[in-house]
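First the structure, in the form of structure tokens, and then the observations on it.
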Amino acid sequence: MAVAAAAARLCGFRRGLGQAGFLLLRRLGARSLAKSQPQGQQQQKHFSSLDDKPQFPGASAEFIDKLEFIQPNVVSGIPIYRVMDRQGQIINPSEDPHLPQEKVLKFYKSMTLLNTMDRILYESQRQGRISFYMTNYGEEGTHVGSAAALDSTDLVFAQYREAGVLMYRDYPLELFMAQCYSNVSDLGKGRQMPVHYGCRERHFVTISSPLATQIPQAVGAAYAAKRDNANRVVICYFGEGAASEGDAHAGFNFAATLECPIIFFCRNNGYAVSTPTSDQYRGDGIAARGPGYGILSIRVDGNDVFAVYNATKEARRRAVAENQPFLIEAMTYRIGHHSTSDDSSAYRSVDEVSYWDKQDHPISRLRHYLQSRGWWDDEQEKAWRKQSRKKVMEAFEQAERKLKPNPNLLFSDVYQEMPAQLRKQQESLARHLQTYGEHYPLDHFEK
């Protein structure tokens, strides 16, 4: 039956092609067969199994003849690069960035000013003056060290705990406060939660709350910079918890395959809100994922501002020169609560927090370095703490006195021409306020 069916198909094919066409194909097939086989040899050449190489397009590897699964941690752990120890002493002189005194002092003042602002705004939220806040305690070194290594025009995609990057780029205290208080000076016109900063002039893309959405967006921006030959890098900050989101996978893979000039900067601070790293992943942190995507990766001591600076500076240089992504995992610790909506005492001990605050704080480490160089002393420390607190309090008091933005700004800056449905909502709000306006503190809003 099978032979009959094959013969029928062949006859049908032959009738459709025509007698002359069928004969031509038969002759061509015979010639090809003759060419493919050496004269006098009618069978395929055999190779030794030792010479047989994989030809699969999806991986670069060798064949093995023993069943063996790859262990999750092939090595004992990716090492942590650092430049100075906890006492602020340079470990390897060849790794010393040899930064001038003025620049190192800017590091220190940016980190301590951020710390002072955090304390005042945290207390402000606790007193009911603002609705929400997130501190940066313990992670100041990751912000300032990386920001200092970038060009001022490099584009920043932050998560929500990178205020120090803006601080280093001389973002005014008045604008930090205006954003948290949602007053008329707020660049976002009061339409964002506190700590969701953004500044076009400082190339800092506005923060959004959904976790990890900035990662693929940053890759798109980096790809655009590459196509424009902009000699510019994009840096994308995120935490180890955000690295568990699908957007992180998409971003890493696109960046590698499209060869984008981007630095993925992961702040591994030990906790994703209340989830510890032991419950977040089983592999060797986030840096271990880089090679799987074809991304050059490094793990650094995030409490060592010089280690962060050196790694980011080199990653930036190579990302621009070679058009390829880099992954930096900065190991640090979140000393504060996740946010004012969180009570971290429910999932970690006071002793654990105290250790990082007292024994391995990035600000203390840098202060030791400055004092060992004779660039800083106790009197300067006392004067700067007083001066920085005064600056923050002045901005704080100014922000409290300012009016809130006009409610009509709720409807602007989305469409060039307001659609009918949105206009209808605006009119509905106006009628509501006209009828029930006495129940709202409208005198606190700009007319």
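The values are calculated or read from the model by the stated rules, or taken from the named source; none is laboratory data. Quantities reported herein were computed from a predicted structural model and do not represent experimental measurements. Glycine gets a Cβ as well: all are built from the backbone with ideal geometry, and neighbour counts include every protein chain shown. Heavy atoms of the whole protein, side chains included, go into the accessibility calculation; ligands, DNA and RNA do not. Shrake-Rupley method; radii C 1.70, N 1.55, O 1.52, S 1.80 Å.
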Distance between the range 133-155 and the range 346-393 - C-alpha centres, whole angstrom: 17 Å
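Just round it to a whole percent: the fraction of Cα-Cα distances in the range 372-444 exceeding 14 Å. Don't skip to the end; give the middle numbers.
Numbers: 1999 of 2628 pairs.
Of the Cα pairs, 76 percent sit more than 14 Å apart.
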Candidates His196, His98, His338, ranked by Gaussian network fluctuation over the chain, Cα under 10 Å, top entry: His98
Glu123 paired with Gln89, simple spin-label distance in nm, labels 7 Å along Cα-to-beta-carbon: 3.7 nm
Nitroxide proxy distance, nm - points 7 Å out along Cα→Cβ at Arg348 and Tyr415: 4.6 nm
Solvent exposure, largest accessible area first (probe 1.4 Å, DNA, RNA and ligands not counted), of Tyr160, Tyr171: Tyr160, Tyr171
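Near Ala395, within a Cβ-to-Cβ distance under 15 Å, what is the net charge of the other residues, with Lys and Arg +1 and Asp and Glu -1?
Summing Lys and Arg as +1 and Asp and Glu as -1 gives -1.
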Dimensions (Å) - the range 158-216, Cα atoms, principal axes, largest first: 31, 24, 17
Low-density loop cleavage sites - trypsin sites (Lys or Arg not before Pro) in the range 209-287, where at most 10 other Cβ are within 10 Å (DSSP): Arg282
Mean shadow area of the range 356-413 over all directions, Cα convex hull, nm²: 7.5 nm²
Amide H within-cut-off set for Leu296, under 5 Å, with H built and near neighbours excluded: Leu327
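How about the range 321-430: which trypsin sites (Lys or Arg not before Pro) there are in a DSSP loop, with at most 15 other Cβ atoms within 10 Å of their Cβ? Could you put the intermediate results ahead of the total?
Values: sites: Arg334, Arg348, Lys358, Arg365, Arg367, Arg373, Lys382, Arg385, Lys386, Arg389, Lys390, Lys391, Arg401, Lys402, Arg423, Lys424; in loops: Arg334, Arg348, Lys402.
Passing sites in the range 321-430 are Arg348.
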Label zone at Leu433, where the point sits 7 Å out along the Cα-to-Cβ direction: the range 176-190 residues whose backbone N lies under 18 Å: 182-186, 188-190
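Can you list the GluC sites (Glu not before Pro) in the range 165-246 that are in a DSSP coil and have 15 or fewer other beta carbons within 10 angstrom? Don't jump to the answer; show the numbers that get you there.
Numbers: sites: Glu174, Glu201, Glu240, Glu245; in loops: Glu201, Glu240, Glu245.
Those that pass, being in a loop and sparsely packed, are Glu201.
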Centre separation in Å (Cα based) which lies between the range 245-307 and the range 219-241: 15 Å
Proximal lysines to Lys53, defined as alpha-carbon separation beneath 17 angstrom and excluding residues fewer than eight positions away on the same chain: Lys45, Lys66
Per-residue [θ]222 nm for the chain (sum of -39500 (n - 2.57) over DSSP H runs n ≥ 4, rounded to 500): -14000 deg cm²/dmol
Qualifying lysines (Cα of each under 26 Å from Cα of Lys109; at least 8 residues distant if same chain): Lys313, Lys358, Lys382, Lys386, Lys390, Lys391
The chain: most fluctuating residue of Tyr223, Tyr415, Tyr369 per GNM, C-alpha cutoff 10 Å: Tyr415
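Note the full-extension length gain between Glu381 and Asn253 as 0.36 nm times their separation in residues minus their Cα-Cα distance, in nm to one decimal.
Gain on extension, Glu381 to Asn253, equals 41.5 nm.
Determine one quarter of the surface area of the Cα convex hull of the range 210-320, which equals its mean projected area, and express it in nm² to one decimal.
Values: hull surface 27.3 nm².
About 6.8 nm², averaged over all directions.
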Mean accessible surface per residue for the range 101-214, computed with a 1.4 Å probe while every protein chain stays in place, in Å²: 33 Å²
The chain - percent of accessible surface contributed by carbon and sulfur, probe 1.4 Å: 52 percent
GNM top mover of Lys106, Lys313, Lys53 - the chain, alpha-carbon springs below 10 Å: Lys53
Relative pair counts by distance (%), Cα atoms of the chain, 10 Å bins: 4, 16, 23, 20, 12, 8, 6, 5, 4, 1, 0
5 Å binning of all Cα-Cα separations within the range 316-421, expressed as whole percents from 0 upward: 2, 7, 8, 8, 10, 13, 13, 14, 12, 7, 3, 2, 1, 0
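At 10 °C and 1.306 mPa s, grab the translational diffusion coefficient of the range 113-180 from Stokes-Einstein with a Kirkwood Rh over Cα pairs, rounded to a whole number in µm² per second. Mind showing how you got there, number by number?
Working: Rh = 12.7 Å.
The estimated diffusion coefficient comes to 126 µm²/s.
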